[in-house]
Amino acid sequence: MSDPLVVVEKLEAPAKVALIRFNRPKVMNALNDALCKELEGVLRELDDDANVHVIVVTGNEKAFAAGADIAAMAEFTYGDVYNQNYITKYWEAAKNTRKPIIAAVSGYALGGGCEFAMMCDFIIAADNAKFGQPEITIGTIPGMGGTQRLPRAVGKAKAMEWCLTGKFITAQEAETAGLVSRVVPADKLMEEVLATAGKIASFSLPAVMKVKETINAAFDTTLQQGLQVERREFHATFALEDQKEGMRAFVEKRKPNFKNR
Ligand code: CO8
């Protein structure tokens, strides 16, 4: 049997954290259809697993993912990509995952790799990370959300320059521009990411999912509609046992024991 293209581990420590690793090291984790299909299945399964609260996705030291598999894509025709519903077919799963996904990026996150990292809920980058949308250099354009998520993350001017020149962006530039939440030394990347994932996993899962859902609403709605979504979801937390437990524990000066309901 061939090696899995994405390796999944449900960790014992930190508890309730699942780690997904892209596993095509010979081609810098280039994203081919087989990998995307496996990833879709894994994300759906983890989203349904009550013992998983947070998902971390990573690559290897050299590459998170260097983009779509160019060799596989080179001879696609318009009919092929349109009829197959290329990209949309497999990537809705990532967009629809309700649990937080953290991208732990070391090395290259280019093209579809950068776009997938942006599809995650936030990115923690190693200091050796390099981001970019180099599609223009191979005669195409970003196709997995880059032209939409990048300007929302870094503003129009930087998104335009980065996509029009295809230049690579250092971890430090990415942090300054707001693309990544934090830069850490490369040899500490997984330690830092897992500590963050573990902290999030220790909270009430419905509250965590509501944070994700309401922050995402900020990008799909007007301010007024977004505030309405937030207010409704905030009110709804008072129907959760975990809201009672969390607030009572604070008042009683003890640690909360969340039941995730
Ligand atoms: N696709 C296929 N193979 C790749 C890719 C890729 N994206 N990136 C690297 N490889 C392969 C190389 O061909 C090479 O293979 P081989 O050893 O057989 O020659 C191997 O990985 C190692 O790569 P290099 O020898 O080039 O390593 P370097 O350290 O010299 O350079 C780079 C590393 C800078 C990452 C370089 O490989 C590079 O520029 N790669 C291409 C980056 C790129 O243009 N990405 C954008 C692709 S287009 C895209 O992503 C569209 C997004 C929308 C669709 C998303 C659907 C999933």
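The values are calculated or read from the model by the stated rules, or taken from the named source; none is laboratory data. Small disclaimer: the values here were computed from a predicted structure and weren't measured. FYI the Cβ positions are ideal-geometry reconstructions off the backbone, even for glycines, and counts take in every protein chain you see. Surface areas here come from the heavy atoms of the whole protein model, side chains and all, with no ligands, DNA or RNA. Shrake-Rupley method; radii C 1.70, N 1.55, O 1.52, S 1.80 Å.
Test Lys95 against the criterion of being closer than 24 Å to Arg182 by Cα, outside any strand (DSSP E or B) and open to solvent by 30 Å² or more (accessible area, probe 1.4 Å), and give yes or no. Against the criterion (closer than 24 Å to Arg182 by Cα, outside any strand (DSSP E or B) and open to solvent by 30 Å² or more (accessible area, probe 1.4 Å)), Lys95 qualifies. Anything in the stretch 11-35 that is open to solvent by 50 Å² or more (accessible area, probe 1.4 Å), more than 16 Å from the ligand (Cβ to nearest atom) and outside any loop (DSSP other than H, G, I, E, B)? List them, or say none. The answer is Arg21, and nothing else. Checked against the criteria, Cys120 counts as more than 12 Å from the ligand (Cβ to nearest atom) and either open to solvent by less than 20 Å² (accessible area, probe 1.4 Å) or at pLDDT 95 or above (or both).
Of all residues in the stretch 105-117, those that are within 21 Å of Leu194 (Cα to Cα) and within 10 Å of the ligand (Cβ to nearest atom) total 6.
Do we find that Ile102 is over 19 Å from Ala30 (Cβ atoms), in contact with a Phe, Trp or Tyr (Cβ under 7 Å, 6 or more places away or on another chain) and either of a type outside the set (Val, Ile, Thr) or more than 10 Å from the ligand (Cβ to nearest atom) (or both) in this structure? It is true that Ile102 is over 19 Å from Ala30 (Cβ atoms), in contact with a Phe, Trp or Tyr (Cβ under 7 Å, 6 or more places away or on another chain) and either of a type outside the set (Val, Ile, Thr) or more than 10 Å from the ligand (Cβ to nearest atom) (or both). Quick one: is Leu179 surrounded by 12 or more Cβ atoms within 10 Å (Cβ to Cβ), farther than 26 Å from Pro151 by Cβ and touching a residue at least 60 places away in the same chain (Cβ under 8 Å)? Taking the combined requirement at face value, the residue does not satisfy it. Restricting the stretch 203-221 to residues that are free of Cβ contacts under 8 Å to residues at least 24 places away in the same chain and hydroxyl-bearing (Ser, Thr, Tyr), which is nearest to Asn260 (Cα to Cα)? In this case the residue turns out to be Thr214. Here Met73 clears all of (1) surrounded by fewer than 15 Cβ atoms within 10 Å (Cβ to Cβ); (2) free of Cβ contacts under 8 Å to residues at least 12 places away in the same chain except the condition numbered (1).
Under the condition of being within 20 Å of Ala93 (Cβ to Cβ), touching a residue at least 40 places away in the same chain (Cβ under 8 Å) and not in a loop (DSSP other than H, G, I, E, B), the residues counted in the stretch 42-70 number 12. Among the residues making up the stretch 36-69, a single one is polar (S, T, N, Q) and either open to solvent by less than 30 Å² (accessible area, probe 1.4 Å) or within 11 Å of the ligand (Cβ to nearest atom) (or both): Thr58.
Does Thr88 satisfy the criteria of being β-branched (Val, Ile, Thr), more than 14 Å from the ligand (Cβ to nearest atom) and closer than 25 Å to Ile138 by Cβ? So Thr88 does not fit the description; no. Among the residues making up the stretch 231-255, those that are among the acidic types (Asp, Glu) and closer than 14 Å to Met209 by Cβ are Glu233, Asp242. Applying the criterion of being of a type in the set (Val, Ile, Thr) and not in a helix (DSSP H, G or I) to the residues of the stretch 129-172, the residue that is nearest to the ligand (Cβ to nearest atom) is Thr140. All of Leu194, Leu189, Leu164 fail the test of being more than 20 Å from Arg98 (Cβ to Cβ) and in contact with a Pro (Cβ under 9 Å, 6 or more places away or on another chain), apart from Leu194.
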